1. Which count do you get for residues in the stretch 294-319 that are surrounded by fewer than 16 Cβ atoms within 10 Å (Cβ to Cβ) and farther than 18 Å from V479 by Cβ?
2. Here are D73, D81: which of them is touching a residue at least 40 places away in the same chain (Cβ under 8 Å), buried (at least 18 other Cβ atoms within 10 Å of the Cβ) and either within 30 Å of P216 (Cα to Cα) or charged (D, E, K, R) (or both)?
3. Scan the stretch 393-408 for residues that are in a helix (DSSP H, G or I) and acidic (D, E) and jot them down.
4. Quick one: count up the residues across the stretch 334-368 that are crowded, with 20+ Cβ neighbours inside 10 Å, farther than 21 Å from L523 by Cβ and aliphatic (A, V, I, L, M).
5. So G136 fits all but one of (1) part of a loop (DSSP other than H, G, I, E, B); (2) in contact (Cβ under 8 Å) with a residue 24 or more places away in the chain; what number is the exception?
6. Hey, T501 hits all of (1) surrounded by fewer than 21 Cβ atoms within 10 Å (Cβ to Cβ); (2) touching a strand residue (DSSP E or B) at 6+ places or on another chain (Cβ under 9 Å); (3) at pLDDT 95 or above but one; which does it fall short on?
7. Within the stretch 115-128, can one find any residue that is crowded, with 22+ Cβ neighbours inside 10 Å, under 27 Å from the mean Cα position of the chain (by Cα) and either modelled with pLDDT of 95 or more or farther than 25 Å from N71 by Cα (or both)?
8. Which residues, counting only those in the stretch 216-231, are among the aliphatic types (A, V, I, L, M), surrounded by 10 or more Cβ atoms within 10 Å (Cβ to Cβ) and outside any helix (DSSP H, G or I)?
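The values are calculated or read from the model by the stated rules, or taken from the named source; none is laboratory data. Just so it is clear, the structure is predicted and the values come from calculations on it, not from any experiment. No Cβ is skipped: glycine too gets one built from the backbone with ideal geometry, and neighbour counts run over all protein chains shown.
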Amino acid sequence: MQNPLWWQRGIIYQVYPRSFQDTNGDGVGDLLGIAERLDYLVTLGVDALWLSPIQPSPMADFGYDISDYCNVDPLFGTLADFDRLLADAHARGLKLILDFVPNHTSERHPWFIESRGCRDSPKRDWYIWRPPGPAGGPPNNWLSRFGGSAWERDETTGEYYLHSFLKQQPDLNWRNPAVRAAMMDALGFWLDRGVDGFRMDVLWVLVKDDLFRDNPVNPAWKPGGPLHDQFIDLYTADRLEVQDIVAEMRSVIDGYPGDRVMIGEIYLPVDRLVAYYGKSLHGAQLPFNFQLINTKWNAATIADIVRKYEAALPPGAWPNWVLGNHDQPRIATRVGAAQARLAAMLLLTLRGTPTLYYGDEIGMSNGKIPPELVQDPAEKIQPGIGLGRDPQRTPMQWDASREAGFTTGHPWLPIDPVAELDNVARVSKDPDSIWTLYHALIALRRDRTALSVGSLHEIGADGDILRFSRGEGAESVLVLLNMGEVPKEVAIGPATILLSTHLDRPNELVSTVAMRPGEGLVLEIE
């Protein structure tokens with residue numbers, strides 16, 4: 001691959017600011033705390049950090065309900081703190097990516113306060129308002145992704161406004177040119193400050209049907225499942241008009257120097273996901289590929305996913321892979337501690353940009369949140385069906401001290417008791433730990449062009465063995481992952497083991513390799 005861009009050869013690390021490092025003792029992480037930990041990211045070897053929202057917010061959905069797109073919430077610090085963080089990151093060769101939330105604002109945003117004031121408000125059409133339906137209730141059957149109707153009646157005017165998420169998160173009307181212009185200006189505000197790109201929240205739901213037709217019933221939904229899934233999102237997601245908005249966002253970003261990147265949060269089947277690369281690749285450079293989060297964890301299924309994804313990519317499009325994020329159970333919880341090591345090798349050897357979620361590199365699993373300490377509205381509104389996201393948002397485990405070195409105060413979510421052992425201070429010094437494996441994989445990826453930007457060949461599954469090769473120029477690397485629970489012998493021809501997930505077979509020469517249960521190998525083909 002000729003002259004790869006930083007976001008193609010690099011590794012992105014997601015920081016959930018509330019949970020990374022607190023410096024003022026209020027129990028919530030902040031920008032100065034992230035700045036204090038930049039050297040850790042350099043040591044780990046990642047190339048960019050992505051911050052979940054830091055803009056002013058009432059925190060109904062912990063920052064995804066923004067009341068001012070062009071400032072920093074005092075909970076996290078000040079614009080000066082952000083500028084310092086950005087400068088410190090750049091001084092270390094790190095890129096910084098911001099979360100941007102385009103679908104909705106907070107109900108306390110000045111735009112919505114003005115919009116709901118009266119039906120004749122100049123900003124009335126900045127949001128989606130409708131009169132009551134024929135029976136006097138909601139205008140149609142659209143549902144919130146947090147459960148219940150997506151429509152909330154406003155007493156002041158007697159009309160309903162749309163909220164695809166919480167009622168405190170009214171949806172913007174992206175059909176209004178004034179809204180589009182204001183949001184592009186907000187992107188420019190941060191680009192002018194020097195950010196290296198954006199991760200666009202819920203990018204695929206920005207536009208809704210202008211005829212406000214009912215969504216069709218989902219025949220696959222079963223009682224006890226997420227209430228939102230009772231209907232298929234035919235008229236409320238992945239509308240064709242979204243593509244024009246994506247292209248406009250990309251044009252704004254491309255107007256700045258430095259190969260800045262646009263990442264899209266898109267939960268869609270792969271055939272629709274790849275549409276967000278845009279016409280002539282003028283869309284999101286990295287429409288997030290979440291297939292490894294939602295898949296069955298076995299060799300045949302994963303091989304099939306990779307083949308179909310690679311085949312679906314438009315010519316010249318760059319792939320990406322994700323194991324976890326702030327909305328999904330942690331990988332160590334989903335597949336277990338042993339397979340989490342295998343998952344690390346898979347993520348960091350597949351073709352495409354990998355995104356790591358903070359704490360996965362030390363083996364963090366979902367925390368245990370007592371009912372009285374639940375914070376997430378997704379759990380409070382629909383308790384007991386597994387939608388709560390607090391467990392994967394618990395504070396980073398830095399050391400074995402009180403509150404794991406995260407805060408001198410009382411943390412906003414409880415520290416997992418396993419932090420006494422599973423913490424950065426201990427595992428980064430353990431030659432056999434998962435942190436050491438991540439560090440070695442990242443270093444190997446950086447050292448071997450075949451792993452960072454090379455082509456992908458021969459992916460397949462032989463029973464429990466997932467097998468693929470990567471190549472670039474004269475370099476040829478083979479990856480073998482034993483996803484089963486029994487040993488396997490694999491004939492490969494002359495090769496040298498570069499790295500094992502067990503971290504104990506460096507430079508071993510093999511032609512037939514004996515693989516232990518749950519072992520992964522990266523080999524150089526002779």
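1. Result for the stretch 294-319: 7.
2. On the way: D73 fails: touching a residue at least 40 places away in the same chain (Cβ under 8 Å).
The conditions single out D81.
3. Start the filter on the stretch 393-408 by keeping residues that are in a helix (DSSP H, G or I), which leaves 393, 402-405.
Scanning the stretch 393-408 gives a single hit, E403.
4. 4
5. Tallying (1) part of a loop (DSSP other than H, G, I, E, B); (2) in contact (Cβ under 8 Å) with a residue 24 or more places away in the chain, G136 fails exactly one: (2).
6. Every condition holds for T501 apart from (1).
7. Scanning the stretch 115-128, I find at least one residue that is crowded, with 22+ Cβ neighbours inside 10 Å, under 27 Å from the mean Cα position of the chain (by Cα) and either modelled with pLDDT of 95 or more or farther than 25 Å from N71 by Cα (or both), so the answer is yes.
8. Within the stretch 216-231, V217 is the sole residue that qualifies.
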